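Just so it is clear, none of the values below were taken in a lab; they were calculated from the coordinates. Remember, it's a predicted structure, so these values are computed and weren't measured experimentally. All Cβ positions, even for glycine, are placed from backbone atoms using ideal geometry, and neighbour counts span all protein chains on display.
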């Protein structure tokens with residue numbers, strides 16, 4: 001942290017672009033456990049069957065707390081592509097590619113696309129889930145610090161056979 | 001239920017400022033009080049402060065008492081900060097209106113603004129990720145999201161044949177109208193050619209399709225009709241109707257990318273409150289954070305048919321002399337966009353238009369409308385003002 005001695009070497013949660021994923025800090029931590037297994041999941045209400053995304057703690061339809069984890073498709077079809085050339089947020093690089101993708105009719109997701117060149121991705125192309133590690137978070141337990149390993153996700157073009 | 005009037009308004013200089021947030025609130029407050037010498041800081045019983053990034057950029061919460069102290073205001077009915085990002089200012093006006101209407105307060109100042117430029121300029125390009133769902137959209141690299149609006153523009157162009165030229169016409173009109181606001185960030189018109197050949201940000205959006213990052217504050221004073229009668233010598237301007245709606249927050253839950261359902265819901269409520277329809281609006285300030293936004297706003301506010309936003313501006317219908325002049329003092333594209341200050345700036349321009357004292361006047365304007373969208377086009381906020389209650 002430039003010039004502020006007390007902050008040197010410290011992890012600053014307020015500057016963290018990724019979600020907290022440890023069970024101590026996020027009740028929907030299973031989403032990230034499932035990501036590590038290559039699964040894309042969300043919660044579904046056992047009382048009214050409503051499926052919400054992102055995963056929830058309370059059903060937004062009937063307010064039940066009786067939720068279960070279900071799998072979403074990990075492959076989808078591209079509907080629209082955007083490629084940002086200038087002014088990307090810190091921590092990301094140009095060109096920053098996003099796409100609106102249709103996950104087999106189950107969910108329409110606006111997501112980052114990785115492993116893709118500018119101009120490569122077109123409407124109708126297939127993409128699939130890509131999970132990757134991101135910076136771990138030091139978590140204080142008593143006087144000890146443990147490192148919570150984290151992942152995040154994007155989608156990448158399916159290699160044409 | 002009492003009638004509520006807007007009786008004064010003013011803004012600080014907007015742009016890249018050599019000033020702190022607290023400095024600009026003082027500047028805006030002073031200009032607001034100078035706008036109407038009949039009302040002083042001793043007459044204010046309520047203060048609502050609208051600022052989205054005070055905590056992040058100025059490391060300051062509990063902002064309202066600080067603004068009160070800085071402006072010599074001693075509130076006794078309400079003293080609070082509100083936040084809805086780009087719609088914070090309009091939200092403050094709606095809340096002030098509700099409190100006065102119901103008798104909880106009599107004379108309320110609504111002041112709003114932001115300090116976004118910090119000594120480490122990279123910080124705002126990082127902090128902006130707080131403006132969308134942090135865990136689910138921010139982590140995908142969406143900041144103050146040009147990609148989302150590029151997505152909207154691409155779909156609108158495909159669905160309705162909207163052209164790049166239509167987008168550029170919005171920039172040209174608003175940069176020209178920006179000459180009508182001496183406090184705005186940009187005070188120089190641009191040509192259609194400049195707009196069409198500018199640097200791409202996220203295609204099809206180029207430099208002039210996007211509003212800038214801005215420091216600045218603004219303030220208005222609302223009063224119950226009874227006090228307004230002796231606290232102003234200008235025509236009384238009433239808040240006639242309000243609406244604020246949201247249907248989604250995270251990007252995956254947007255019901256429709258090219259028709260903004262929540263805008264229509266907020267509009268329906270505001271029009272119904274006011275007892276008017278889109279055809280009765282004489283002048284409007286809508287949320288032109290990006291050029292495509294203004295085009296869709298023409299449609300979903302009911303000024304023109306769905307899909308016809310491009311041809312509507314092409315035919316000059318939203319410029320002075322046209323059917324419904326929109327963004328008469330430059331909009332976000334020209335004045336800039338210090339989030340909490342924007343809805344208030346729009347209210348000031350509408351007040352002046354309806355009082356017949358705008359810098360460039362829409363002849364005979366009697367009913368005006370302001371609109372803001374906020375977040376991932378997630379919420380829409382609308383106010384309707386008029387010369388009759």
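The table below gives the values:
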quantity: Backbone N within segment B:349-389 under 19 Å of label point (7 Å from residue B:2 Cα along the Cβ vector); calculated: B:386, B:388-389
quantity: Between segment B:118-186 and segment A:103-161, the alpha-carbon center distance in angstrom; calculated: 25 Å
quantity: Calculated FRET value between residue A:36 and residue B:192, using beta carbons and R₀ = 51 Å, to 0.05; calculated: 0.45
quantity: If the convex hull is drawn through the Cα atoms of segment B:163-248, its volume per residue in Å³; calculated: 192 Å³
quantity: Segment B:1-62 - convex hull of alpha carbons, volume per residue in Å³; calculated: 128 Å³
quantity: Value of Rg/Rh across chain A [Cα atoms, Kirkwood radius]; calculated: 1.02
quantity: Beta bridges by DSSP in chain B, antiparallel share as percent, to the nearest 5; calculated: 70 percent
quantity: Spatial separation of Cα centroids for segment A:25-94 and segment B:295-349, in angstrom; calculated: 36 Å
quantity: Beta bridges by DSSP in the protein assembly as shown, antiparallel share as percent, to the nearest 5; calculated: 85 percent
quantity: Helix-only [θ]222 nm of the protein assembly as shown, DSSP H runs n ≥ 4, -39500 (n - 2.57) each, per residue, nearest 500; calculated: -8000 deg cm²/dmol
quantity: Protection proxy ranking of B:99-107, A:17-25, A:114-122 - average other beta-carbon atoms within 10 Å, highest first; calculated: B:99-107, A:17-25, A:114-122
quantity: Long-range Cα-Cα pairs in segment A:74-161 (distance over 20 Å), rounded percent; calculated: 44 percent
quantity: Distance (nanometres) between label positions extended 7 Å along Cα→Cβ at residue A:120 and residue B:69; calculated: 5.6 nm
quantity: Counting DSSP beta bridges with both ends in segment B:268-389, the antiparallel % (nearest 5); calculated: 65 percent
quantity: For segment B:251-389, diffusion coefficient by Stokes-Einstein and Kirkwood Rh (Cα), 25 °C, 0.890 mPa s, µm²/s; calculated: 164 µm²/s
quantity: Rh (Kirkwood; distinct C-alpha pairs) - segment B:117-188, Å; calculated: 14.9 Å
quantity: For segment A:19-72, convex hull volume per residue from C-alpha positions, Å³; calculated: 73 Å³
quantity: Shape call, the protein assembly as shown: gyration tensor on alpha carbons, a/c limit 1.5; calculated: prolate
quantity: Rounded Å value of the spacing that divides the Cα centres of segment B:356-389 and segment B:47-80; calculated: 25 Å
quantity: Hydrodynamic radius by Kirkwood, which averages 1/r over all alpha carbon pairs of chain B, in angstrom; calculated: 20.4 Å
